Amino acid sequence: MLHRIFRPLIWLFLLIGIAALYHSCANMAAPTGGPQDYDPPVVRRASPDFNSLNASPTRIEIEFDENIKIEKPSEKVIVTPPQKNMPVIRSAGRKAIVELKDTLSLNTTYTIDFTDAIADNNEGNPLENFVYSFSTGDRLDTLSIAGKVLTAQNLEPVTGIYVGIHSNHSDTAFTHIPFERISRTDSRGKFTVRGMAPGKYKVFALDDLNRDYKYDNPQESIAFLDSIVIPSTMPAVRQDTIFQDSLTIDTVRTVHYTRFTPDDLVLYSFLSDFQRQYLQKYERPEAHRINLFFSAPTEKPSFFLLRPDKRGDDWYVTERSAKNDTLMLWITDSLVYRQDSLSMQINYIRTDSLNKNYIATDTLNFNMRRKGHDRGGTEKKEKKKEEEEEQLTFLSVKTNVQSTFELFNPVRIEFEHPVVAFDTTHVHLLAEIDSLFEPIPFRLESDSLNPRKFTLRPRWTPGGKYKILIDSATVTSRYGIWNNKYEQSFTVKPLDQYGNLEIAISGLPEGKPAFVELLDKSDKPFRKSDVKANRARFQDLPPGEIYARIVIDENGDGVWTTGNYEEGRQPEQVFYYPGKLVIRAFSDHEQDWNVNATPVINQKPEEITKNKPQEKKRLTPDQERERQRQQQNQQNPPFSGTGGGIGAGSSSNMMQQPGGMRY
C-alpha cells in the first residue's frame, strides 16, 4: 500500500530535479575576471637579499606577488661590471632568475639594472627602474652618474648605446681595457651608471659591435668627455603631487631625498671618418656602360682592359661621385662595347683585417648577353628590328624646369648619354618683353664630375615669363644619337611670393667661424649661410615652416666635421634653434637666437626629431580612480625580511634605492 503511494511522489521529485538542472545549465555564464590590474608587479623577496654583502652567487632569484615576464633581456637588462659570458636571464612563474656565467671579482659591487624589462604576465604593466645589487666584499658602492647621449651632427637621442667608465685615465684604457662599469641608453638617450665607488673617472659611450666593451673597431660609434668626473651626493628636495583624479589635486608633499651627481652629463656620439674600403659591387647593365661601387669614399682606382687589350684611357669617359665611391665608365670605343665579354684589371684601395689600407689588384669579368643571340633563325630578324628602332631613337633630355620656377634656381640640363658636341648657339633662353619673347644672355657650365650634366645660369626677373628652346640635333652623344627639339615655357615666381630672414646670433664661441643651415620638416638642410658679424641672412625663401641649426666650423671647411679619439678631437659643435620659423610671403623676418638659452638636450624640436621617445601607457581618469580604489582595498601586509625593507601594496611602502630608483 505505501509502495503504491510513494512511487508517484518519487517520480514527481525526479522530474522537478531534472527540470531544475536543465534550467541552471541553460543559463550558464562565464566567470568574471575581477577588477582590471593597473599596477606593476611588487617584489616579495630575493635570494641573495637586496644589497647583500660578502655574497658570491651564481644564481639570483627575485620573487614577485604575481606571474611575470621579462621582455628583451639581452637588450634591456644591464649587468655591471660587464660580463664576458652573457648571463642567462629568464622568468619562471613569479620569479625572475639570473644565472651568472663569469667568475665574480673580489670586493666588487654588482648591479643588475632591469630598466623596464619586467612586467606582469597578464596586463603587461612594466616595473620601471628596477635595480638589484649585491657586493662580493664588505662594502656596497652606491654612487652613480647620469646624463644623455646625443648624435653629434643632428642632436638625435641615441638609443641602446653603452656608456662606461674608467678609473684608469690613460688614453689607451678606452681602446685596450674593458669598461669597469656600464649602462645603456633608453629610448630618450638617457643613461645611469650605478654602483660606483668614490673616485675620479673618465666617461665614454660605445656602440659595441663585438661586445668586448672597448673601442677597438673604427666602425663603432663613440663619445667621450674631455673632463674628469667625480661622483658625489647632495641633499635635495622635490614636490610630489597626488591627484584625486586627472584634474583635482589631493595633496602636495615635500619629499627629501639624496641626489646623485653629476646627473646632467651630455655625450656627443660620432663615427670616425675611417671607413673600411673595398670594391662592393661591379656590373655591366648595358653594352656601353660599366659601374663600379666602392664601400666608402676612396681615391680614383687605376685600371686597364685585358680582353680586349687596351692600355690607354681613350676607350671610355668617366662619370663619378664627388668622393669616388661610385664610378661609371661610359665605353666610347665601339670595338670594346661590341664585345660580349670584357676582362679588366683594377688596382684600388682595400682595408685588411687590421684596418690597414693597401693597394689590391683584382681581375673583373663582365659578360653581356645580347637580345636574340640564342634564337636561331630569328636572330637576323631581331637585329634588323633593333637597327630600325635605333634610327627612330632620340637622345633624351631632362631639365628641372617646371611651369612655375623658383627665383633662386638655375636651369639644370641632363642628357641620357655623355655628349661629344653641344653647340650652345642653338640653345635659346627667351624672356617675354612687351608681349614678345627676346633672347637674354646666360652662362652655360659643364659639370666637372658628370659629362651628361650642364647648368644654365641667367639673371632672372621676378615674375618674368620665359621660354627655353634646344634645337633639334643640337646635341650629339658619344654613340651618334642626337636630341629632338625641346621647348618649355615657364614663369619665375614674383618677389611677393618670397620672404627674407635675418638671424642675429649670440653666445657663439669667440673668434670661430660658423654657418647656419635651414632645414625642412624631415631635418634635411636646403639653404646655408655663413655667420658674419654674428648674423646670418637668407633671401628669397619660399613661405612655410622651417627649422635651423648652426655648426661651429672649427676648421673652416664649410661642412660639419666628425671627431677623432686618437687625436683627442671632439666633433664640431651643433646647436638647434629650439622652435620653428614661419616664413610669410612678401615679408622680412628678424629673429634673435642665443644658442645657450636652451640646454642642448632640449634644443631640437620634437617635430623633426626622428628618434622620438616611446610613449608610456597612460591611464584614463576613470582607470586611475579605479586603480586607486583597488589599491585602497588591498589588504596585503608588507613583507619584512632581513636587510630587505621591500614593501608590498601601495607605492608609499616601496623603498627608495640609490639614484632615486624604486624597487
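The values are calculated or read from the model by the stated rules, or taken from the named source; none is laboratory data. Keep in mind it's a predicted model, so treat the numbers as computed, not measured. Glycine gets a Cβ as well: all are built from the backbone with ideal geometry, and neighbour counts include every protein chain shown.
Things worth noting here:
- If you check Arg375, Arg369 for being modelled with pLDDT under 95 and under 15 Å from Glu283 (Cα atoms), only one passes: Arg369.
- Residue in segment 66-76 that is surrounded by 16 or more Cβ atoms within 10 Å (Cβ to Cβ), in contact with a helix residue (DSSP H, G or I) (Cβ under 9 Å, 6 or more places away or on another chain) and either modelled with pLDDT under 95 or not aromatic (Phe, Trp, Tyr) (or both) present: yes
- Test result for Asn534, loosely packed, with under 15 Cβ neighbours inside 10 Å, polar (S, T, N, Q) and out of contact with any Phe, Trp or Tyr (no Cβ under 6 Å at 6 or more places or on another chain): yes
- Complete set of residues in segment 290-343 that are modelled with pLDDT of 95 or more, hydroxyl-bearing (Ser, Thr, Tyr) and within 15 Å of Asp362 (Cβ to Cβ): Ser343
To keep it simple, each residue is scored yes or no on (1) surrounded by 17 or more Cβ atoms within 10 Å (Cβ to Cβ); (2) farther than 30 Å from Thr142 by Cα; (3) touching a residue at least 24 places away in the same chain (Cβ under 8 Å); (4) not assigned by TED's automatic domain parsing to the domain that holds Glu220.
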{"site": "Thr251", "(1), (2), (3), (4)": "no, yes, no, no"}
{"site": "Phe274", "(1), (2), (3), (4)": "no, yes, yes, yes"}
{"site": "Arg284", "(1), (2), (3), (4)": "yes, yes, yes, yes"}
{"site": "Glu299", "(1), (2), (3), (4)": "no, yes, yes, yes"}
{"site": "Val317", "(1), (2), (3), (4)": "yes, yes, yes, yes"}
{"site": "Leu327", "(1), (2), (3), (4)": "yes, yes, yes, yes"}
{"site": "Thr332", "(1), (2), (3), (4)": "yes, yes, yes, yes"}
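- Tally, over segment 296-326, of residues that are more than 13 Å from Met344 (Cβ to Cβ) and in contact with a Leu (Cβ under 8 Å, 6 or more places away or on another chain): 8
- Tabulated pairs, segment 141-155, first more than 17 Å from Asp264 (Cα to Cα), second of a type in the set (A, V, I, L, M, F, W, C) and surrounded by fewer than 22 Cβ atoms within 10 Å (Cβ to Cβ), C-beta under 7 angstrom, 6+ apart or interchain: Asp141/Ala197; Gln153/Trp560
- Criterion violated by Glu510 - all others in (1) within 30 Å of Asp592 (Cα to Cα); (2) surrounded by 15 or more Cβ atoms within 10 Å (Cβ to Cβ) satisfied: (2)
- Looking only at segment 245-289, residues that are out of contact with any Lys or Arg (no Cβ under 7 Å at 6 or more places or on another chain), assigned to a strand (DSSP E or B) and not polar (S, T, N, Q) come to 19 in all.
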